[in-house]
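Take a look at the structure set out below.
The values are calculated or read from the model by the stated rules, or taken from the named source; none is laboratory data. Nothing here was measured: the structure is a model prediction, and the numbers come from that model. Backbone-built Cβ (ideal geometry, glycine too); neighbour counts: all protein chains shown. Please note that ligands, DNA and RNA were not included when accessible areas were found on the heavy atoms of the full protein model with its side chains. Shrake-Rupley method; radii C 1.70, N 1.55, O 1.52, S 1.80 Å.
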Amino acid sequence: MIQSMTGYGKSVLQLPTKKISIELKSLNSKSLDLNARMPSMYRAKELEIRKLIAKHLGRGKVDFSLFVEITGEDTSSKINKTVVNEYIKQLKEVVDGDTTELLKMAIRLPDAVTTEREEIDEEEWSLISNGINEAITKIVGYRKDEGKILKQDFIDRIASLKGLLKEVITMDPDRIEGVRARLEKGIADIKEKVDENRFEQELVYYIEKFDITEEKVRLDNHLDYFTQTLNSDDSNGKKLGFISQEIGREINTIGSKSNYAPMQKLVVQMKDELEKIKEQMLNVL
């Protein structure tokens, strides 16, 4: 099943002294472009997080965020009372103000608040790791749901291309007769007597140059291969992209060889459908 590269997943953990929110957002990209935001105490686990996300998401511009909200009494930030009192003492020598106002000024000065470096608790990390896996599961589910919508659009457009190809096949004999008629009329207009055998040989050679039998067969095969790949177990947007390029080559060749206005109109419609497929393809994992 194909997946979209667009997705969103979130999980929330309520621990005894803190609330942790984990978010994953992704958009389309040619490769994995991962941006990770988290408190410094969890940076030691960043490589592990990146590997986990890369394993499950594959490609896309991915934003990973881990937010921590302290909800209990435990905090790593401490007021340095000695330093603050010394600041207040010095401020009283400079300005005349009440203690509350001086405290507001002192608390903003360097070293008034110190932050202790916390070590990651393995039990806590185990819960966070489960939360990351939950967010990954949700974003993958989101991508699969988006992929179903993309798949149906591809199915509809491939069916449309199949229908247009059938019209091309149906009108091809009339096109060849039209080419023959134009050549015969051209010879008649210049009122020249020609060797009928030589004329027939030249006519066959000329018509062979405009023959699109191979292109019709290859295009039909490419459309079938696209559908087959679309229904495979893996989401392979790059492979589908390569097949789309081959489809485009055959359509372009048919257009350049057709030399027949009704067929060229069909080719324009085919190009329009293919262009829409390519636009959607940019978002397939």
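Observations, loosely collected:
- Region 156-181 - residue that is of a type in the set (V, I, T) and in contact with a helix residue (DSSP H, G or I) (Cβ under 7 Å, 6 or more places away or on another chain) and, of those, farthest from L27 (Cα to Cα): V179
- Cβ-Cβ under 6 Å pairs, at least 6 apart or on other chains, region 261-284 side on the phi > 0 side of the Ramachandran plot, far side at pLDDT below 95 and open to solvent by 70 Å² or more (accessible area, probe 1.4 Å): none
- Residue within region 84-103 that is surrounded by 11 or more Cβ atoms within 10 Å (Cβ to Cβ) and either touching a residue at least 60 places away in the same chain (Cβ under 8 Å) or in contact with a Ser or Thr (Cβ under 8 Å, 6 or more places away or on another chain) (or both) present: yes
- Residue ID - modelled with the lowest pLDDT, chosen from residues in region 208-218 that are in contact with a Lys or Arg (Cβ under 9 Å, 6 or more places away or on another chain) and closer than 18 Å to P173 by Cβ: K209
- Contacts under 7 angstrom Cβ, first residue in region 235-259 being free of Cβ contacts under 8 Å to residues at least 24 places away in the same chain and closer than 16 Å to E279 by Cβ, partner open to solvent by less than 70 Å² (accessible area, probe 1.4 Å) and assigned to a helix (DSSP H, G or I), 6 or more apart: I243/H222; I243/F226; I243/T229
- Single residue of S31, S11, S21, S65 found to be among the polar types (S, T, N, Q), under 15 Å from the mean Cα position of the chain (by Cα) and open to solvent by less than 80 Å² (accessible area, probe 1.4 Å): S31
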